[in-house]
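Heads up: the structure comes next, in C-alpha cells.
The values are calculated or read from the model by the stated rules, or taken from the named source; none is laboratory data. All values reported here derive from a predicted model rather than from experimental measurement. No Cβ is skipped: glycine too gets one built from the backbone with ideal geometry, and neighbour counts run over all protein chains shown.
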Amino acid sequence: MADDFVLLAGSASRKLGAAIAGYLGQELGASETLQFSEGNLFVRVLENVRGRDVFLVQGTAFPANDNFMELLFWIDAVKRASAASVTAVIPYLSYAKGDKKDEPRVSIRARVCADAIEAAGVDRVVTLDLHAPQVQGFFKVPVDDLYAMPSLCNAVAAKGLADLVVVAPDAGYAKKARQWSERLHAPLAIADKRRTDHSESAEVLELIGSVEGCSALIVDDFTISAGTLADAARVVTERGANSVYAAVSHGLLAGPAVERLEASPITTLFMTDSVETQPVELPSMVEVVSVAGLFGEAIHRIASRESISVLFN
C-alpha cells in the first residue's frame, strides 16, 4: 500500500505515527525533536522531502502549548525543505473546544490556532472528532474531521453487552449519541448536565429515558477530569442500570481523573490512542482502541486522490 509520500511523526505522536506507518507498509520518516534547558524546541527532518507530499502526525496534548508550538515548527521546517505539500495529521486538537465567544472579553482560541497553523504553511489538516464541527470553517485549507465512533462501536459490540442503552452526557451531545445508538441498535437516554464555571467539572442532575435493568454506555467526545463520566455513571446506577460502560474519542486523564474512574461504577472505559502523552498511568479499566488504521487509510486515500467520506458510509 506504500505511496510516494513521506510520513513523519512529532514527539507527541511517535507511537501512533509508527503504527500508521506499519498499516501503510512503509517506514516512518527520520526526524528529531530537541528541547533545550530553557524550554526552547528544535525540530529537524533527517531525510530529503524536496518535491514530495509530507504527512506530519503530531498531537497537541500534555503539554498542550509545547506540542502545539512543535507542530508549527514541523510545518515550517517541512515547507522550508521544499516539500510539495504538508498535511498536518492532528489526532487531538487541544484548543478545538474554544470555538465561540460565549463570554465578554474572551478569546476564540480555536480560531487563533487555525490562523497559526495556516500561517506556518500547512496545505491540509486531518484530525479526529473535533469538539465542534464548525472549527473546520476556521481554516481556509481543507480539513478532514475523521470519526472514531465506528472503531469504538466495534469494540463495544465485541463485548456482547445485553440490553444496551446509549447515554448522552448532556443535551449538546445528544445528536452524536443518537448516531451511536443507531449503529449499535440500542435506545438512547440523555443526561441533564449543568456546568457553572471553568473548573472542568459539571453536575448531572437528571436522566431522560430509561436504563433500568440495562447495560448503560455513556459516550462523549473527550474526558479530562472524568467528572462528567463518573457523575453520569452514578445517576444511571441510581436509575437501575445493571452495569455501566463509557466510550470517548479522546481520553485526557488529568488531575483526579484516575481516582474518579476507579471509584465509579464504570466497568470499562473505551478510548482511542489519539493521546499518548498521558501524565498518569492508565488504569486497568481502560481499553485503548487504536485509530492507526483509520488515519492510515485516510492518508493513503488523500495521497491517492481518493474519497475519504466512503470510510464512514
Condition first: closer than 17 Å to residue 156 by Cβ and either among the aliphatic types (A, V, I, L, M) or in a strand (DSSP E or B) (or both). Now tell me which residues in the range 234-260 satisfy that.
236, 241, 243, 244, 245, 246, 247, 248, 249, 250, 251
Got a number for residues in the range 90-144 being of a type in the set (Phe, Trp, Tyr) and closer than 18 Å to residue 62 by Cβ?
2
Which of the residues belonging to the range 37-81 are in a loop (DSSP other than H, G, I, E, B), in contact with a helix residue (DSSP H, G or I) (Cβ under 8 Å, 6 or more places away or on another chain) and closer than 25 Å to residue 303 by Cβ?
49, 58, 59, 60
Criterion first (modelled with pLDDT under 95 and among the hydroxyl-bearing types (Ser, Thr, Tyr)) does residue 237 satisfy it?
no
Buried (at least 19 other Cβ atoms within 10 Å of the Cβ) and either touching a strand residue (DSSP E or B) at 6+ places or on another chain (Cβ under 7 Å) or more than 15 Å from residue 226 (Cα to Cα) (or both): does that describe residue 249?
yes
Among 287, 297, the single one that is more than 30 Å from residue 5 (Cα to Cα) and of a type in the set (D, E, K, R) is 287
Conditions first: (1) under 14 Å from the mean Cα position of the chain (by Cα); (2) surrounded by fewer than 17 Cβ atoms within 10 Å (Cβ to Cβ); (3) not aliphatic (A, V, I, L, M). Residue 102 passes all but one, so which condition is the exception?
(1)
Among 232, 241, 257, 226, which is in contact with a helix residue (DSSP H, G or I) (Cβ under 6 Å, 6 or more places away or on another chain) and surrounded by 19 or more Cβ atoms within 10 Å (Cβ to Cβ)?
226
Just to check your reading of the model, which residue among 78, 156 is more than 16 Å from the chain's Cα centre (by Cα) and either of a type in the set (Lys, Arg) or more than 30 Å from residue 42 (Cα to Cα) (or both)?
156
Which of the residues spanning the range 166-185 are out of contact with any helix residue (DSSP H, G or I) (no Cβ under 8 Å at 6 or more places or on another chain) and among the hydrophobic types (A, V, I, L, M, F, W, C)?
171, 174, 177
Which of the residues that make up the range 41-73 are on the phi > 0 side of the Ramachandran plot and within 25 Å of the chain's Cα centre (by Cα)?
62
Of the listed residues (143, 135, 122), the one being touching a residue at least 40 places away in the same chain (Cβ under 8 Å) and either closer than 28 Å to residue 168 by Cα or among the basic types (Lys, Arg) (or both) is 135
Scan the range 204-233 for residues that are within 30 Å of residue 61 (Cα to Cα) and assigned to a loop (DSSP other than H, G, I, E, B) and jot them down.
224, 225, 226
Output the residues belonging to the range 82-99 that are over 18 Å from the mean Cα position of the chain (by Cα) and assigned to a loop (DSSP other than H, G, I, E, B).
82, 83, 84
